[in-house]
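One structure below.
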Amino acid sequence: MKLQLQKILLAAVAGASLLSGCAPLVVGGAVVGGMVAVDRRTSGTQLEDEAIELKVANAVNKELGERVHLSVTSYNRRVLLTGEVRSEADRSRATLLAQSQENVREVINDLAIGAPSSLSQRTKDTVTTGQVKAAFVDAKDLQATAVKVVTERGVVYLMGRVTAREAQRATDIARGIGGVAKVVRVFEEISEQELQRLSQPPMAR
């Protein structure tokens with residue numbers, strides 16, 4: 001039981017992002033409970049991603065209100081929209097609102113048209129996300145902090161800057177989790193050489 005709790009906590013750290021006033025996790029590479037947490041984005045980009053998520057969510061919710069159940073995830077200024085909207089017009093409008101926000105360079109809109117998902121479904125999605133993250137932590141050949149996980153209606157979305165090898169490994173792991181209906185890859189692919197460069201201490205790059 002203790003080991004499982006440690007895995008869940010480690011998974012939470014792996015999926016954590018920088019929040020203002022929220023230490024001890026520090027962007028770029030910091031010791032968290034004896035573990036080094038590394039993000040492949042610059043600290044500036046991480047801050048931009050946090051701001052983008054807030055701005056996009058506020059803009060879409062302000063205009064569409066109860067017509068949308070929205071989740072916004074930004075990684076390296078690429079914005080993923082998930083959840084549900086009432087119509088195709090609302091779906092298109094959400095894309096335009098997201099694209100209009102400062103620093104957004106791409107929008108991936110996977111909003112479904114239909115009624116908002118139920119509370120029980122959202123709870124299942126939260127559990128699935130935790131299970132995928134824990135499985136990434138268990139994997140010895142995958143850097144768990146390199147992949148951001150989002151789950152909506154049983155669909156697992158994977159984001160991050162990863163090599164082709166890492167992308168396939170993460171996909172295979174996520175597909176092996178019970179209850180996962182589909183895995184959608186929203187990765188930015190980098191070369192093994194770029195990965196080696198990113199894995200070096202900042203002063204050595």
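For the range 41-50, state whether one or more residues are part of a strand (DSSP E or B), touching a strand residue (DSSP E or B) at 6+ places or on another chain (Cβ under 9 Å) and at pLDDT below 95. There is no residue in the range 41-50 that is part of a strand (DSSP E or B), touching a strand residue (DSSP E or B) at 6+ places or on another chain (Cβ under 9 Å) and at pLDDT below 95.
If you filter the range 140-156 down to residues that are more than 19 Å from Ser118 (Cα to Cα) and not basic (Lys, Arg), you find that the one that is surrounded by the fewest Cβ atoms within 10 Å (Cβ to Cβ) is Asp141. Of Val186, Val107, Val147, all but one fail to be of a type in the set (A, V, I, L, M, F, W, C), touching a residue at least 12 places away in the same chain (Cβ under 8 Å) and assigned by TED's automatic domain parsing to the domain that holds Arg93; the exception is Val107.
Report whether or not Arg86 is farther than 30 Å from Ser191 by Cβ, crowded, with 18+ Cβ neighbours inside 10 Å and free of Cβ contacts under 8 Å to residues at least 40 places away in the same chain.
Working: farther than 30 Å from Ser191 by Cβ: yes; crowded, with 18+ Cβ neighbours inside 10 Å: no; free of Cβ contacts under 8 Å to residues at least 40 places away in the same chain: yes.
No, not satisfied.
Among the candidates Thr82, Thr126, Thr145, single out the residue that is within 19 Å of the chain's Cα centre (by Cα), closer than 22 Å to Ala51 by Cα and part of a helix (DSSP H, G or I).
Working: Thr82 fails: part of a helix (DSSP H, G or I); Thr126 fails: closer than 22 Å to Ala51 by Cα.
Residue meeting the stated conditions: Thr145.
Go through the range 157-205 and report how many residues are basic (Lys, Arg), surrounded by 17 or more Cβ atoms within 10 Å (Cβ to Cβ) and more than 29 Å from Gly44 (Cβ to Cβ). Counting residues in the range 157-205 that are basic (Lys, Arg), surrounded by 17 or more Cβ atoms within 10 Å (Cβ to Cβ) and more than 29 Å from Gly44 (Cβ to Cβ) gives 0.
The values are calculated or read from the model by the stated rules, or taken from the named source; none is laboratory data. Here the structure is a predicted model, which is why all the values come from computation and not from measurement. As a convention, Cβ positions derive from the backbone with ideal geometry for all residues, glycine included, and neighbour counts pool all protein chains shown.
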